[in-house]
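Engineer: Have a look at the structure that comes next, please.
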Amino acid sequence: MTAALSIGIAAAAGAEVGARVAAAADAAGLHALWVNDTPGHDALAVLAAAAGATERLVLATGVLPIDRRTPDDILADAEALPADRLVLGIGSGQLRTGAVARVTDAATALRAGTEARVVVGALGPRMRRTGAEASDGLLLSWLTPEIAADQARHAHELARTAHVALYVRTAADPDAIPALDEEAQRYAGYPAYAANFARLGVQAAETVIRPAALRDRIAAYRAAADEVVLRAITASGSLDEHLRFIDAVAEAVA
């Protein structure tokens, strides 16, 4: 397969940057804009700005944590967004017990309340099964192409129509390499991610894309899933850096 290619940014970038990045991504022929939802920043607000700047681009959250955003809250905040272009990515957040059941219930409630697609951010096998069976698909992250291909294949065995998207932290500029390394080290220190890396037998640094390997690594990841989300890592997070990132990606896949 050759996966759809998308870009991911942080909600901390803000609505104005989100709108400009969305317009550039749309013009470059990218499939979607995914926005990380983080404490103090609202992915859906950034997507609302992106919606106003685009007509075709898919708008997605990666992911809304259900421990601090209920399905009713999400539905209310997403009401003004175009449902035909919207993907609501949800995850367990900081839940430590009953996470799979809570995410399953949230996915069911969201699918009943909106025409938007719903996907589940998943690390372990039980949550991946929930994503495949209880929602429209799943969002994977921090995987090598080989592991991603295996997990996508298993998801399709569980549900043939499950959409498997894959987040890949990516630096297109050598100046962004320190930020990319810092991001990998940070995630490697989170207990849930550390346990998953240990379970898979990989290091976080093996699951990213560096500037020197941009073309080949994008191609390898696009053979592994239905959609590859290049989570843009730049030196300072500026608009110009994000726009150059999109240009570099477009050149790499031309």
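Engineer: Which value, in Å², gives the accessible area per residue of the chain when a 1.4 Å probe is used on the protein heavy atoms?
Structural biologist: With all protein chains present, the chain gives 43 Å² per residue.
Engineer: How high is the relative contact order of the chain, in percent, with contacts defined as C-alpha pairs under 8 Å that are six or more residues apart?
Structural biologist: 21 percent
Engineer: Okay, next question. List the DSSP H helices in the chain whose Cα atoms stretch 15 Å or more along the helix axis and whose mean Kyte-Doolittle hydropathy is at least 1.0.
Structural biologist: 43-53
Engineer: Identify which of ARG128, ARG199, ARG186 has the largest mean-square fluctuation in a Gaussian network model of the chain, with springs joining Cα atoms closer than 10 Å.
Structural biologist: Comparing ARG128, ARG199, ARG186 in a Gaussian network model of the chain, the most mobile one is ARG199.
Engineer: log10 I(q)/I(0), Debye, Cα-only region 62-136, no solvent, q = 0.11, 0.15, 0.23 Å⁻¹?
Structural biologist: Debye output, listed in q order: -0.23, -0.42, -0.99.
Engineer: Another one. Could you look at region 171-229 and say what percent of its accessible area is carbon and sulfur, using a 1.4 Å probe and all protein chains?
Structural biologist: Result for region 171-229: 53 percent of the exposed heavy-atom area is carbon or sulfur.
Engineer: Moving on to the next point. Return an integer: the convex hull volume of the alpha-carbon atoms of the chain, in Å³ per residue.
Structural biologist: For the chain, the hull spanned by Cα atoms encloses 111 Å³ per residue.
Engineer: Please report the spacing between the Cα centers of region 160-174 and region 228-254 in Å, no decimals.
Structural biologist: Distance between centres, Cα-based: 13 Å.
Engineer: Roughly how large, in nm² to one decimal, is the mean projection of the convex hull of the alpha-carbon atoms in region 1-139?
Structural biologist: 8.0 nm²
Engineer: Once you list every other residue whose beta carbon is under 15 Å from the beta carbon of THR234, what net charge do they have if Lys and Arg are +1 and Asp and Glu are -1?
Structural biologist: Here the charged neighbours net out to -3.
Engineer: Right, next: For a quick check, take a GNM of the chain with Cα springs below 10 Å and name the residue from GLY237, GLY189, GLY201 with the largest mean-square fluctuation.
Structural biologist: Sorting by GNM fluctuation, first place goes to GLY201.
Engineer: Moving on. Of ALA148, ALA80, ALA132, which has the largest mean-square fluctuation in a 10 Å C-alpha GNM of the chain?
Structural biologist: Most flexible of the set in this elastic network: ALA80.
Engineer: Take the alpha-carbon centre of region 45-72, take the same for region 191-216, and report the distance between them in whole Å.
Structural biologist: First find each Cα centre; the distance between them is then 26 Å.
Engineer: Let me ask something else about it. If you average 1/r over every pair of different alpha-carbon atoms in region 103-202 and take one over that average, what Kirkwood value in Å do you get?
Structural biologist: 14.7 Å
Engineer: When the helix-only estimate is applied to the chain (DSSP H runs of n ≥ 4, each -39,500 (n - 2.57), divided by the residue count), what is the mean residue ellipticity at 222 nm, nearest 500 deg cm²/dmol?
Structural biologist: -14000 deg cm²/dmol
Engineer: Now for a different question. What does region 168-254 give for Rg and for Dmax, in Å, if only its C-alpha atoms count?
Structural biologist: 13.3, 39
Engineer: Then there's this: Tell me the net charge near ASP84. Cut-off is 10 Å between Cβ atoms, ASP84 excluded, with +1 for each Lys or Arg and -1 for each Asp or Glu.
Structural biologist: Net charge in that neighbourhood comes out at +1.
The values are calculated or read from the model by the stated rules, or taken from the named source; none is laboratory data. Not measured: the values here are computed from a predicted model. Ideal geometry is used to build each Cβ from the backbone, glycine not excepted, and the neighbour counts take in all protein chains shown. With ligands, DNA and RNA removed, areas are computed over all heavy atoms of the protein, side chains included. Shrake-Rupley method; radii C 1.70, N 1.55, O 1.52, S 1.80 Å.
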